[in-house]
Amino acid sequence: MRFIDFFTANIRNPNTRAAYGVAVCSFFRWLEKRGVTEFAAVRTHLVSAYVEVLGRFYKAPTVKQHVGGDPHAV
């Protein structure tokens, strides 16, 4: 529920919500390519690996957006 609450209650701007939606979908696609298909299987090391990959292609503000801008949000 925290995941749903974050997107529906905490983000009022529809454009921001859409941008985060794209980021989340990208992360889930990345996980699926690695065989992680259950949300409960997502661990900190997977998020860290994804952030490392993003850092190779994007600048810090984009990477920060992909992880919610708050390290505790992931």
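Side notes on the structure shown:
- Applying a threshold of 6 Å to beta carbon distances and a minimum spacing of six or more residues, or different chains, the list of pairs starting in the stretch 6-27 at a residue that is within 19 Å of R43 (Cα to Cα) and free of Cβ contacts under 8 Å to residues at least 40 places away in the same chain and ending at one that is assigned to a helix (DSSP H, G or I) and among the polar types (S, T, N, Q) is empty.
- For the residues V22, V47, V53, the requirement of being surrounded by 15 or more Cβ atoms within 10 Å (Cβ to Cβ) and either over 14 Å from V67 (Cβ atoms) or of a type outside the set (D, E, K, R) (or both) singles out V47.
Laboratory data are not the source of any read-out in this text; all were calculated from the coordinates shown. Please read all numbers here as calculations on a predicted model, not as lab measurements. All Cβ positions, even for glycine, are placed from backbone atoms using ideal geometry, and neighbour counts span all protein chains on display.
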